[in-house]
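Below you'll find the structure, written out as structure tokens, and then a few comments.
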Amino acid sequence: MSALGAKQPPRAEPPIVPQAAPGLRVARHREAIDAAIARAIASGQFILGAGGEAFEVEFARFLGAPFVIGVNSGTDALSLALLALGVEPGDEVILPALTAAGTAVAVRRIGAIARFVDVEPATRGIDPAAFASAISSRTAAVIVVHLHGTPALLPEILRIAAARGLAVVEDCAHAHGATIDGRIVGTLGDAAAFSFYPTKNLGALGDAGAVAVHTRDHAERIRRLRNYGQDDARICVYDGMNSRLDEIQAATLRVLLPHLAADNALRQTHARRYDEALAPLVALGRVNLPRPSPGAVYHQYAIEVVDRDRIRQALRTRGIATAIHYAPGLHRHPGLIGDAAPPNCTVTDRLADTLLSLPIQPELMENQSRIVAALIDALSSGPPCEPLR
Ligand SMILES: *Cc1c(COP(=O)(O)O)cnc(C)c1O
């Protein structure tokens, strides 16, 4: 065979750095997860067994919450929290427009009305003034989302809600372990919902979630609601649903929970490195960074850039994947607002157009200098990014 006829080997491309890779976290703990799942299988009890109960106790201890109930997803956790707090069909629930679809789906699925309001630029969480002016005689509750793991302005929201007699649910799907003035989120409102979707700071091998509440009464109600609304005698005392945490997911979560705090600390370290490395670009007005927040756990590290498509493409060419969380705002999704005109949410619109989530998962951050170099390269030209005030 002539060497001339041989195919040239493809030019070596640098491996793509994914934006999220839950498989890498599982790989890091694979042996322990395999052993835990083997024990769950050997137990012969696959739903509502000892592993699920143990996880509820351990996660409650992590949070310092009196009661935790394992459920099937973060969306279900939000619905069950609202139901336990007495939200009824036709009631209005106020929520930020800049969040994952699950936050709104959870409201609508129990027959409540989702009222979207704007976020504020410092935390990218619900704007207390927008919340206050959206309250009506039909408002029953507000959902506070700690977006990207940055605590929202919860103390302000709690003050307004208390004065108006409204329930407060924390959506902690991004914020396992985040704190406000040293107090852990998920214990500050009337109830909190957690998602263990695989990419979250604490993630399972499938769908899973949990609700944290303060009273035995609320906990008991959620335990029944998640299991067809049945009491111990298997009488349906509530109009319930099927939303139980299975033993395979509980076994996985019990392996990963003890590593959550250290992983969050790594996310914070990597966030500070991004802050420092990108500061010159901020000075040049090319990018806005998430405002540093001491209790944030950086589920995402999302920068704001004006010509996002170009930056994404430039990074992709250099082997760096990015993601957008979230666009457009939920106040513009036809399945959530129907034929109504979208409410006015200008900060959400601006963030939805400019946010870009960089890799921040600890398992990916050996690539951080490569990511930073690619960003500096891409952002050294292009239009300026005015900070939002
Ligand atoms: C992931 C997520 C949810 C929904 O959680 P699921 O487990 O996917 O149902 C709700 N709110 C926010 C902010 C989320 O990121």
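The values are calculated or read from the model by the stated rules, or taken from the named source; none is laboratory data. The structure displayed is predicted, hence computed values, not measured ones. For neighbour counting, all protein chains shown are included, and Cβ atoms are generated from backbone atoms with ideal geometry for every residue, glycine included.
Worth a mention:
- Count - residues of the range 291-311 that are in contact with a Lys or Arg (Cβ under 9 Å, 6 or more places away or on another chain) and within 16 Å of the ligand (Cβ to nearest atom): 6
- Test: ALA162 is more than 23 Å from the chain's Cα centre (by Cα) and either small (Gly, Ala, Ser) or in a helix (DSSP H, G or I) (or both): yes
- Applying a threshold of 8 Å to beta carbon distances and a minimum spacing of six or more residues, or different chains, the list of pairs starting in the range 68-79 at a residue that is outside any helix (DSSP H, G or I) and near the ligand (Cβ under 6 Å from one of its atoms) and ending at one that is at pLDDT 95 or above and small (Gly, Ala, Ser) reads SER73/GLY102; SER73/SER195; SER73/ALA208; SER73/GLY209; SER73/SER243.
- Test: residue in the range 88-99 that is within 16 Å of the ligand (Cβ to nearest atom) and touching a Cys at 6+ places or on another chain (Cβ under 6 Å): yes
- Qualifying positions in the range 72-112 - touching a strand residue (DSSP E or B) at 6+ places or on another chain (Cβ under 6 Å), closer than 20 Å to PRO328 by Cβ and surrounded by fewer than 24 Cβ atoms within 10 Å (Cβ to Cβ): ARG108
- Scanning the range 363-385 for any residue that is in contact (Cβ under 8 Å) with a residue 24 or more places away in the chain, within 22 Å of the chain's Cα centre (by Cα) and farther than 20 Å from ARG273 by Cβ turns up nothing.
- Filtered by the rule that a residue be part of a loop (DSSP other than H, G, I, E, B) and either within 16 Å of the ligand (Cβ to nearest atom) or in contact (Cβ under 8 Å) with a residue 40 or more places away in the chain (or both), the range 123-152 gives THR123, ARG124, GLY125, ASP127, ILE135, SER136, ARG138, HIS146, THR150, PRO151, ALA152.
Residues are listed down the side, and each one gets a yes or a no for (1) closer than 24 Å to ALA114 by Cβ; (2) touching a strand residue (DSSP E or B) at 6+ places or on another chain (Cβ under 9 Å); (3) of a type in the set (Asp, Glu); (4) modelled with pLDDT under 95:
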| residue | (1), (2), (3), (4) |
| --- | --- |
| LEU289 | no, yes, no, no |
| GLN313 | no, no, no, no |
| ARG316 | no, no, no, no |
| PRO328 | yes, no, no, no |
| LEU356 | no, yes, no, no |
| PRO359 | no, yes, no, no |
| PRO362 | no, no, no, no |
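- Given (1) surrounded by fewer than 16 Cβ atoms within 10 Å (Cβ to Cβ); (2) hydroxyl-bearing (Ser, Thr, Tyr); (3) closer than 23 Å to PRO151 by Cα, number of the condition TYR301 does not satisfy: (1)
- Filter result (closer than 19 Å to TYR298 by Cβ and in contact with an Asp or Glu (Cβ under 7 Å, 6 or more places away or on another chain)) within the range 182-191: VAL185, GLY186
- Considering residues of the range 113-122 that are in a strand (DSSP E or B) and away from the ligand (no atom under 16 Å from the Cβ) only, the residue surrounded by the fewest Cβ atoms within 10 Å (Cβ to Cβ): ILE113
- Pair list, Cβ under 6 Å, 6 or more apart: the range 98-119 residue without any contact (Cβ under 8 Å) to a residue 12 or more places away in the chain, other residue assigned to a strand (DSSP E or B) and surrounded by fewer than 22 Cβ atoms within 10 Å (Cβ to Cβ): none
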